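Take a look at the structure set out below.
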Amino acid sequence: MEAKAIHRYIGSSPRKMRLIIDLIRGKNVNYALETLHFSSKHASQDAEKVLRSAIANLMNKDENTRHEPADLFVKEVYVNQGPTIKRISPAPMGRAYRIRKRSCHLTIVVATKA
C-alpha cells in the first residue's frame with residue numbers, strides 16, 4: 001500500500017531541494033524524518049512537512065489496518081521545476097540585471113515494505 005503527498009510552489013530552487021531529497025530516497029521513514037529534522041538546510045523544513053503529510057495520507061487511506069512507522073519507507077521522491085518569477089535589479093550605466101526567483105514542486109511517495 002502506498003500514499004502520495006505533493007507540495008507545489010515551494011520558494012526554493014529545485015537544485016537546493018534535490019540536495020536534501022537525495023539523502024532520504026529509499027530510506028526508512030524514521031531515518032528520513034530524523035535526517036530532515038536535524039539538517040541545517042532551509043529546504044529540509046518543507047521536505048519534512050511533505051513527508052509527514054505523506055505518512056498521514058497513508059494512515060488515513062485505510063483506517064481498518066494499523067501501519068507501524070518502522071514498516072514504512074520512502075518509495076519515490078522527486079522535485080520538478082516550478083514557475084520562475086523574474087525581477088530586475090539596477091546595474092551600473094543605466095543597465096539592469098535580471099534576477100530569477102526559482103520555485104519547485106516536491107512529490108513524496110511512501111509505501112509499506114510488505
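What the table shows:
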quantity	calculated
Residues (at pLDDT 95 or above and either polar (S, T, N, Q) or surrounded by fewer than 10 Cβ atoms within 10 Å (Cβ to Cβ) (or both)) located in segment 89-114	Ser89, Pro90, Pro92, Met93, Gly94, Arg95, Arg98, Arg100, Ser103, Thr107
Residues that are outside any helix (DSSP H, G or I) and not polar (S, T, N, Q), drawn from segment 15-58	Arg25, Gly26, Lys27, Phe38, Lys41, His42
Residue tally, condition in contact with a strand residue (DSSP E or B) (Cβ under 7 Å, 6 or more places away or on another chain) and either under 17 Å from Leu36 (Cβ atoms) or in a strand (DSSP E or B) (or both), over segment 59-96	17
Index of the failed condition, Thr65 passing every other in (1) touching a Pro at 6+ places or on another chain (Cβ under 8 Å); (2) modelled with pLDDT under 95; (3) not charged (D, E, K, R)	(1)
Residues of segment 39-58 that turn out to be more than 15 Å from Arg25 (Cβ to Cβ), surrounded by 14 or more Cβ atoms within 10 Å (Cβ to Cβ) and in contact (Cβ under 8 Å) with a residue 24 or more places away in the chain, as a count	7
Condition met for Asn30 (at pLDDT below 95 and out of contact with any His (no Cβ under 7 Å at 6 or more places or on another chain))	no
Set Ala5, Ala32: member being out of contact with any Ser or Thr (no Cβ under 9 Å at 6 or more places or on another chain), of a type in the set (A, V, I, L, M) and over 15 Å from Gly82 (Cβ atoms)	Ala32
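The values are calculated or read from the model by the stated rules, or taken from the named source; none is laboratory data. Everything quoted here is computed from the prediction, not taken from an experiment. Methodologically, a virtual Cβ is constructed for each residue, glycine included, from the backbone with ideal geometry; neighbour enumeration extends over all protein chains shown.
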